[in-house]
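Engineer: Pasting a structure here, questions to come.
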Amino acid sequence: MNHFRNYNLARASLRPRYWLVAGLIGLLAGLIGGPALAEDVELAKAEKDCLACHDKEGVNKTLQNGEVLSMRISTKAFVESMHKENSCEDCHADLDAKTHGKVKSDIKSKRDYTVSQADVCRECHKKKYTQYDDSVHAAMIKEGSKKAPLCSDCHNPHTVKSFKEVLPIEATPCLKCHEPIFKAYSKDVHGLERVAKGKSAPLCADCHQAHDVKAASMGEGIKDACLSCHKEAVAQHQDWLPNTGRHFAAISCPACHAPDAKRRVNLRLFDSATNVQMSEKTGVPQFARRADEADSKGMGLDERALWSLLKEFSQDSSSGKTVLRGRLEVQSGVEAHQLSEKSKALKDCNACHKEGASPFQSVTLTIAGPDGRPLRHGVQKDVLSSLTSMDSVRGFYAIGSTRIKLLDYLLIMVMAGAVCVPIGHMTVKLLFKGVREKLEAERLVAAAGGTDAATPATSPASSTEQAPK
Ligand code: HEC
Ligand code: HEC
Ligand code: HEC
Ligand code: HEC
Ligand code: HEC
Ligand code: HEC
Ligand code: HEC
Ligand code: HEC
Ligand code: HEC
C-alpha cells in the first residue's frame, strides 16, 4: 500500500504544485489506514476536472489518417483500476493547461500516439522495461514493426486490473494480436482446464513469459516451463520411451502431444564453439539471399546446396564450424496449441522409426532472424533419407565435426528399416549402438581413404547381427 504513495510523492516532489494534493492524500491514507476500496477512492480535484470533460459519451477525436480515437475515460473503471491512486498528471505531464481542449493536437494515427506515449510507464515500472526490452516484441519494434505490442497495447493504463485476480481467459492481452492461436489454445487441454479450474493451468504468459517473450522455437524456455509444472514428466516418459533425454532434445513436446498436427524436421544452424544458434546479423540479410541463390529453382535446397551453404556460414562463424541440429516439430503455431489429453499422444515408435515416416517428409533449414524469430528455407526431404546423399552427409560430419544426431539417426532408420516394436528397449538401444559404431567406422575408413560415396552394405539383417555383441 505504502509504496504507491511513494510513487506519487516522488513524482509530486518534482512538481511543487502537486505537493499539497499528494500530501493530503498521503495524510488521509495514513489516518484511515488499511487498503482503499474502490468506492473509498476520492479523486482529487485535478482528476475530477479532467474527467468532467473526458468521461462523456461521444468524446472522440478524428486523427489525421481518419481513425477515430475515443477520448472517453470512464471514471468508474479508473477508480477501480490499479492506477486509481495515480494522478492523470503522473502520466500526462506534457499537456499544456492553457491550450488543452481548445486547440486541436496533431496526432497522425492511433499507433503513432501509442508510440509517442511509450515511455510513460518507465519511471514507476523500471523492472518491466528491462524484461520487455529483451523480448522478441521489443526487437520487432526496433526493426520497425508497426504491429508489435508496447506496454499500453497489453495494459490499458486507465482500467488495468491486478493480475492476482483470476480473469477469464478472454482477458489475456495476447488475444488481441494472436487470435488464431488463442482459439486453438482455448480448446486444448490447458485452455479447457483453465476455464474449468482457474489458475493452475497455464495461460499464454505462463509458457511464453509476459514481458521477456522469446521466439517460441528458439532455446529451451518453453520446454523448461512445461517441465516446471509437469515435474514428473521425464520419469513418466522414461517408463516407455528409451533415452527420453535425447527424444526431448530432438522433438518438441507438441510434436507428440498435438496428435493431428503435421510435423516436420527443422535443421537448425549452430555455431559449434559457442553452442549458440546462428543468427542473422542486423542489417545484413544474408540467409535469405544465400539460400535463394543456392536454391535457384525454388524446389528446396538439395544436398549439394545445403552443404555449400553450410560451408559459407562456417566461414562467418566465430569458430569456423557451423553444425546442423535436427529437431522434430509441428508445422504451425496453431498446431503447437492443440495439445490433447495424454491418451491421444503419439506413442507408436513406428510413427517415426520407420522408413518414409511422415514427420520426415517435410524439412526446413532455419536461422534466427534479426529480431530473434526464425527465418526458414525449405530443404528437399531426400537430404535426410536417400542413400545417395550419404556423401554430403559425410561432408557435414567433416565440416561440423560433431555428430549430427538426427541425421545420423535418420540414416540408421533408412538402413535398418522398421526396427522397434516388440524387441524391447534394451535390444533397441544395443541395436542402435551397433549400427552407430558401424557407421562411424565406415566414415573413418572413407575419410582416411578418400573414397567416394560408397554405400555401406548395411542391411536390417546385418545390423541385427551386430546387436548382441
Ligand atoms: C475542457 C475540457 C477538457 C478538459 C478539462 C481536459 N481535456 Fe483533455 N481533451 C479535451 C479535448 C476536447 C481533447 C481532444 C483535443 C483534440 O481534438 O485535439 C482532449 C484530448 C486529451 C488527450 C489526448 C491527447 C492530446 O494531446 O490530444 C489527453 C491525453 C487528455 N486530453 C488528457 C487530459 C487530462 C489529463 C486532463 C486534466 C489535466 C484533461 N485532458 C482535461 C478536453 C478536455
Ligand atoms: C498510468 C499512466 C496513466 C494515467 C494515470 C492516466 N493515463 Fe491517460 N493515457 C496514458 C497512456 C499511456 C495513454 C496512451 C494510450 C494509447 O496508447 O492509446 C493515455 C491516453 C489518454 C487519453 C487519450 C485517449 C486514449 O484512451 O488513448 C486520454 C483522453 C487520457 N489518457 C486521459 C486521462 C485522464 C483524464 C486521466 C486521469 C483520470 C488519465 N488519462 C490517467 C497513461 C495514463
Ligand atoms: C505482450 C503483452 C504485454 C506487454 C507488451 C507488457 N505487458 Fe505487462 N503484463 C502482461 C501480462 C500478461 C501480465 C500478467 C502475467 C504475468 O505477469 O506473468 C503482465 C503483468 C504486468 C505487471 C504486474 C505483474 C507483476 O509482476 O507485478 C506490470 C506492473 C506490468 N505488466 C507492466 C508492464 C509495463 C511497464 C510494460 C511495458 C514495458 C508491459 N507491462 C508490457 C502483458 C504485457
Ligand atoms: C506514477 C507511477 C506509475 C506510472 C507512471 C505507471 N504506473 Fe502502473 N502502477 C503504479 C502503481 C502505484 C501500481 C499499483 C500496484 C503496485 O503496487 O505495484 C501500478 C500497477 C500497475 C499494474 C498492475 C500490477 C498488478 O499488480 O497486477 C500494471 C499492469 C501497470 N501498473 C501497468 C502500467 C503501465 C502499462 C503504465 C504506462 C502506461 C504504468 N503502469 C504507469 C504506478 C505507476
Ligand atoms: C499488439 C499486438 C500483439 C500483442 C498484444 C501480443 N503480440 Fe506477440 N507478436 C505480435 C506480432 C505482430 C508478432 C510477429 C508475428 C507473429 O509471429 O505472429 C508477435 C510475435 C510473438 C511471438 C514470437 C513468434 C515466433 O515466431 O516465435 C511470441 C512467442 C508471441 N508473440 C507471444 C505473445 C504473447 C505470449 C502475448 C501476450 C502476453 C503476445 N504475444 C501479445 C503482436 C502482438
Ligand atoms: C515421443 C513422443 C512424446 C514426446 C516427445 C513427449 N511426450 Fe509426453 N507423453 C507422450 C505419451 C505417448 C504420453 C502418454 C503415456 C501413457 O499414458 O502411457 C505422454 C504423457 C505425458 C504427460 C502425462 C503424464 C502422466 O502420466 O500423467 C505429460 C504431462 C507429458 N506427456 C508432458 C510432456 C512434455 C512436457 C513433453 C516435452 C518436454 C513431452 N511430454 C514430450 C508422448 C510424448
Ligand atoms: C502450454 C504452453 C503454452 C501455452 C499456454 C501457450 N503457448 Fe504458445 N507456444 C507453445 C509452444 C510449445 C510453441 C511452439 C514452440 C516450438 O516450435 O517449439 C508455441 C508457439 C507460439 C507462437 C509462435 C508461433 C509460430 O508461428 O511459430 C506464438 C505466437 C504463441 N505460441 C503465442 C501464444 C499465445 C498468444 C498463447 C495464449 C493464447 C499461447 N501461445 C499459449 C506453448 C504454449
Ligand atoms: C502452469 C503450469 C503448466 C504448464 C506451464 C504446462 N502445463 Fe500441462 N497441464 C497443467 C495442468 C494443471 C494440467 C491439467 C491437469 C493434469 O492433467 O495434470 C495439464 C495437462 C497437460 C496434459 C494432459 C495430461 C493428461 O493427463 O491427459 C499434457 C499432455 C500437458 N499438460 C502437456 C504440457 C506441455 C507439453 C506443456 C508445455 C508446452 C505444458 N503442459 C505446460 C499445467 C501446466
Ligand atoms: C515423434 C517421433 C518419435 C517417436 C514417436 C519415437 N521416437 Fe525414438 N527417436 C526419434 C528421433 C527424432 C530420434 C533421434 C534423436 C537424436 O538422436 O537426437 C530418436 C531416437 C531414438 C533412439 C536412439 C537413442 C540413442 O541413444 O541414440 C532409440 C533407441 C529410439 N528413438 C527408440 C524409440 C522407441 C522404442 C520408441 C517408441 C516407444 C520411439 N523411439 C518413439 C523420434 C521418435
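The values are calculated or read from the model by the stated rules, or taken from the named source; none is laboratory data. Here the structure is a predicted model, which means the values were calculated and not measured. So basically every Cβ, Gly included, is an ideal-geometry build from the backbone, and we count neighbours across all protein chains shown. Surface accessibility is based on the protein's heavy atoms, side chains included, excluding ligands, DNA and RNA. Shrake-Rupley method; radii C 1.70, N 1.55, O 1.52, S 1.80 Å.
Engineer: What is the calculated FRET efficiency for residue 187 to residue 43, with r their C-beta to C-beta distance and R₀ = 56 Å, to the nearest 0.05?
Structural biologist: 0.85
Engineer: Separate question: So how much accessible area does residue 103 have, in Å² to the nearest 10, using a 1.4 Å probe?
Structural biologist: Only protein atoms counted, so the area is about 100 Å².
Engineer: Using a simple spin-label model with points 7 Å from Cα along the Cα→Cβ vector, what separation in nm is obtained for residue 197 and residue 293?
Structural biologist: 5.5 nm
Engineer: Ignoring ligands, DNA and RNA, please state the percent of accessible area on segment 118-214 from carbon and sulfur, probe 1.4 Å.
Structural biologist: It is 61 percent, rounded to a whole number.
Engineer: Find out how many positive minus negative residues lie around residue 195, taking Lys and Arg as positive, Asp and Glu as negative, among other residues whose Cβ is under 13 Å from that of residue 195.
Structural biologist: Neighbour charge sum, excluding residue 195 itself: +1.
Engineer: Between residue 225 and residue 127, what is the spin-label point distance in nm, taking each point 7 Å from the Cα along the Cα→C-beta axis?
Structural biologist: 1.9 nm
Engineer: Could you work out how far apart the two model spin labels at residue 381 and residue 332 are, taking each label as a point 7 Å from the Cα in the direction of the beta carbon, and quote it in nm?
Structural biologist: Going from the residue 381 label point to the residue 332 one covers 1.9 nm.
Engineer: Next question. Which of rounded, prolate, oblate describes segment 67-170, given a ≥ b ≥ c as roots of the alpha-carbon gyration tensor eigenvalues and a/c under 1.5 marking rounded, otherwise prolate only if a/b is larger than b/c?
Structural biologist: Oblate, because a/c is 1.5 or more while a/b does not exceed b/c.
Engineer: Can you tell me the FRET efficiency between residue 74 and residue 118 if r is taken as the Cβ-Cβ distance and R0 is 30 Å, rounded to the nearest 0.05?
Structural biologist: 0.85
Engineer: Can you pull out the trypsin sites (Lys or Arg not before Pro) in segment 189-232 that DSSP calls coil and that have at most 13 other Cβ atoms within 10 Å?
Structural biologist: Answer by residue number: 199, 231.
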